[in-house]
Amino acid sequence: MLTCNSKTVTLILLPALLVGTLYVYLSRSSRFVLDFNKLTHSEDGSPAEVIMTHVFHLVAPDQRLVDTSHLQYKQPSIVNGRTDVVTVAPWLAPIVWEGTFNPALLDSIYKPKNITIAATVFAVGKYIMFLKKFLKTAEDHFFVGFKVHVYVFTDRPKEVPQVEMAAGRKLIVRPVPSSKRWQEISARRMEIIQTLIEEELRNGTDYIFCLDVDSEFHDRWGTESLGGLVAVIHPGYYRDDRSRFPYERRPQSRAYVAAGEGDFYYCGGAFGGLLQEVHLLAKTCRSNFEADAKEGIEAAWQEESHLNRYMWINKPSKILSPEYLWQDFKARNPEIHIVRFSGVVKNYADIRPNV
């Protein structure tokens, strides 16, 4: 008969306990993302399920292994910094403000990864008038020095301006139909973004940002904005109580956010993140919008309402402050040290077809 003393039992169980502990740690502390290269398909050819992979910590390259002029930067502090704003959400997602990050350090981390960033912009109808300024200022400030592919969706492809772009950056024009209602233009964006990711981007793009064309860049928008799911806090409501947020308040809508619920009010005009995360967001918002439409419901602010519902449930992993989509008609509040991207002043009656 085999007998085991306590030492033998310990030797047998210890490896199993270590493996179990490691599994629990990885499953709870790591963020899962979709691997589009490992999609399986159902009988009709549509994606059926995915294999998940992990995203781990950022790795700063040791420049001394490359040259003698390695990056040196000021020692970070946990007791000195911005005290006029909140820089972390209750679920521990960073809120990015000027003075909360080191751009040179972040760029040195992401440069060796050779990442590609896609940006989508919709220039439908008279909104084409804003495209040239958008593109020119993006060349000056949006992920400068990185590979950027700007996808312009427009019903006026012949009017797309010629803008000189740096090496590694390119403009891709995609025709879309026009519309008699600006709400329909807004609503179609999620469908188009989902399709773009599935059909063109999934094998060669790392991050995607979806931006409003009637806006322009004024200062750096770069690697500090990268994250899994990235939201931008709306400049019109960030000081308000959430009872004043323009959420969809009808329980019949799939964009519904009840009174007393919600975190922040996010912009529909600027959001992004890892390609896989944005794909899931776009697919979900599109599905919910179409299901609402079948029941004769249009959410208060179309895609923005569905986006806010989605991000209330699926918390953003990084939040960009109102610096990342200010409004030009507003005076700058004291906490806004810099405006990076802003919506230009315009007369909606002149540019929207049904206003």
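The values are calculated or read from the model by the stated rules, or taken from the named source; none is laboratory data. In this text the structure is predicted, and so the values were computed from the model without any measurement. Cβ placement follows ideal geometry from the backbone for every residue including glycine, while neighbour counts extend to all protein chains displayed. For the accessible areas, the whole protein counts, side chains as well, though only heavy atoms, and no ligand, DNA or RNA atoms are used. Shrake-Rupley method; radii C 1.70, N 1.55, O 1.52, S 1.80 Å.
Can you name the number of the only condition in (1) within 18 Å of residue 282 (Cβ to Cβ); (2) touching a strand residue (DSSP E or B) at 6+ places or on another chain (Cβ under 8 Å) that residue 312 fails?
Evaluating residue 312 over (1) within 18 Å of residue 282 (Cβ to Cβ); (2) touching a strand residue (DSSP E or B) at 6+ places or on another chain (Cβ under 8 Å) leaves (2) as the failure.
It is to be established whether one or more residues within the stretch 184-203 are in a loop (DSSP other than H, G, I, E, B) and not hydrophobic (A, V, I, L, M, F, W, C).
yes
So residue 323 ticks every box in (1) without any contact (Cβ under 8 Å) to a residue 40 or more places away in the chain; (2) surrounded by 16 or more Cβ atoms within 10 Å (Cβ to Cβ) but one. Which box is left unticked?
Against the list (1) without any contact (Cβ under 8 Å) to a residue 40 or more places away in the chain; (2) surrounded by 16 or more Cβ atoms within 10 Å (Cβ to Cβ), residue 323 comes up short only on (1).
Would you mind finding the one in 199, 224, 164, 159 that is among the charged types (D, E, K, R) and open to solvent by less than 70 Å² (accessible area, probe 1.4 Å)?
On inspection, the qualifying residue turns out to be 224.
Every residue in the stretch 109-149 that is open to solvent by less than 10 Å² (accessible area, probe 1.4 Å) and part of a strand (DSSP E or B), please.
116, 117, 118, 119, 120, 121, 123, 142, 148
Checking the conditions here, which among 294, 318 is free of Cβ contacts under 8 Å to residues at least 40 places away in the same chain and either surrounded by fewer than 19 Cβ atoms within 10 Å (Cβ to Cβ) or in contact with a helix residue (DSSP H, G or I) (Cβ under 9 Å, 6 or more places away or on another chain) (or both)?
Working: 318 fails: free of Cβ contacts under 8 Å to residues at least 40 places away in the same chain.
Residue meeting the stated conditions: 294.
Take residue 44 and decide whether it is open to solvent by 50 Å² or more (accessible area, probe 1.4 Å), in a loop (DSSP other than H, G, I, E, B), closer than 27 Å to residue 204 by Cα and at pLDDT below 60.
Details: open to solvent by 50 Å² or more (accessible area, probe 1.4 Å): yes; in a loop (DSSP other than H, G, I, E, B): yes; closer than 27 Å to residue 204 by Cα: yes; at pLDDT below 60: yes.
Considered against the rule, which asks whether it is open to solvent by 50 Å² or more (accessible area, probe 1.4 Å), in a loop (DSSP other than H, G, I, E, B), closer than 27 Å to residue 204 by Cα and at pLDDT below 60, residue 44 comes out as yes.
In the stretch 227-248, how many residues are within 25 Å of residue 330 (Cα to Cα), open to solvent by less than 10 Å² (accessible area, probe 1.4 Å) and modelled with pLDDT of 95 or more?
The qualifying residues number 4.
Within the stretch 211-218, identify whether any single residue is part of a loop (DSSP other than H, G, I, E, B), open to solvent by 10 Å² or more (accessible area, probe 1.4 Å), farther than 19 Å from residue 316 by Cβ and in contact with a Gly (Cβ under 9 Å, 6 or more places away or on another chain), and answer yes or no.
Yes, the conditions are met somewhere in the stretch 211-218.
Listed here are the residues, each with its yes/no results for (1) crowded, with 20+ Cβ neighbours inside 10 Å; (2) without any contact (Cβ under 8 Å) to a residue 12 or more places away in the chain; (3) outside any strand (DSSP E or B).
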residue	(1), (2), (3)
250	no, no, yes
253	yes, no, yes
262	no, no, yes
270	yes, no, no
279	yes, no, yes
282	yes, no, yes
298	no, no, yes
310	yes, no, yes
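Please list, ordered by first then second residue, the pairs with beta carbon atoms under 7 Å, 6 or more apart or interchain, first in the stretch 77-96 and touching a residue at least 60 places away in the same chain (Cβ under 8 Å), second of a type in the set (A, V, I, L, M) and part of a loop (DSSP other than H, G, I, E, B).
Qualifying pairs under 7 Å: 95/86; 95/89.
May I ask you to list pairs of residues, at least six apart or on different chains, whose Cβ atoms are under 7 Å apart, with the first in the stretch 148-166 being on the phi > 0 side of the Ramachandran plot and the second being among the basic types (Lys, Arg) and assigned to a loop (DSSP other than H, G, I, E, B)?
Taking only residues 6 or more apart or on different chains, not a single pair turns up.
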